Amino acid sequence: MNKTTYYINGNAVRKLDEAAPVRRPQKSTRELEEIRRKKNRRKSARRNQERALSMNRAFVAFLTACVAASALVAVSLIQIRSNVTQQMNEVAALESRINDMKADNDARYKQITTSVDLNAIKDAAINRLGMKYASQDQIVYYSIDKNNYMDQYNDIPE
């Protein structure tokens, strides 16, 4: 590598051989207008960008109101969801109580039905009280049309 170092004495730099200045070709008016239009477009685009990026007080107030409204909606939705969950837990607890009560009721019913001796009742009715089975001529049949009860307007014949 060939490296050349210059030592400069003083505050002026030596002038190199003077080269002829480079001339640029003259541009036509159409090209000049096109360049001007591009510069104007760039300037207007830059101005539009600055306007778009700048926030005035009204825009900040609007954004603040939007954030506050969305926060209120979020809080209310969370509260509603919490209430629904709490009510579902209460319903589940009540259903559990109902099932327990039904089970107790069924157990007591079975206890009562098994504790009653029907043969002892029949024996006491026939032997002690003198009751008899009804004969065929004592039985009277009635027809009921789609009702689960019957009104009695007269005495039953003997």
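The values are calculated or read from the model by the stated rules, or taken from the named source; none is laboratory data. Values in this document were obtained by computation on a predicted structure and should not be read as measured data. Note: ideal-geometry Cβ built from the backbone for every residue, glycine included; neighbour counts use all protein chains shown. Quick note on the areas: whole protein, heavy atoms, side chains included, nothing else; ligands and nucleic acids left out. Shrake-Rupley method; radii C 1.70, N 1.55, O 1.52, S 1.80 Å.
A single member of Ser135, Ser115, Ser96 is closer than 30 Å to Tyr153 by Cβ, of a type outside the set (A, V, I, L, M, F, W, C) and open to solvent by less than 100 Å² (accessible area, probe 1.4 Å), and it is Ser135.
Sub-8 Å Cβ pairs linking a first residue in the range 145-158 that is at pLDDT below 75 to a second residue that is of a type outside the set (Gly, Ala, Ser) and open to solvent by 100 Å² or more (accessible area, probe 1.4 Å), at least 6 apart or interchain, are Met150/Tyr142, ordered by first then second residue.
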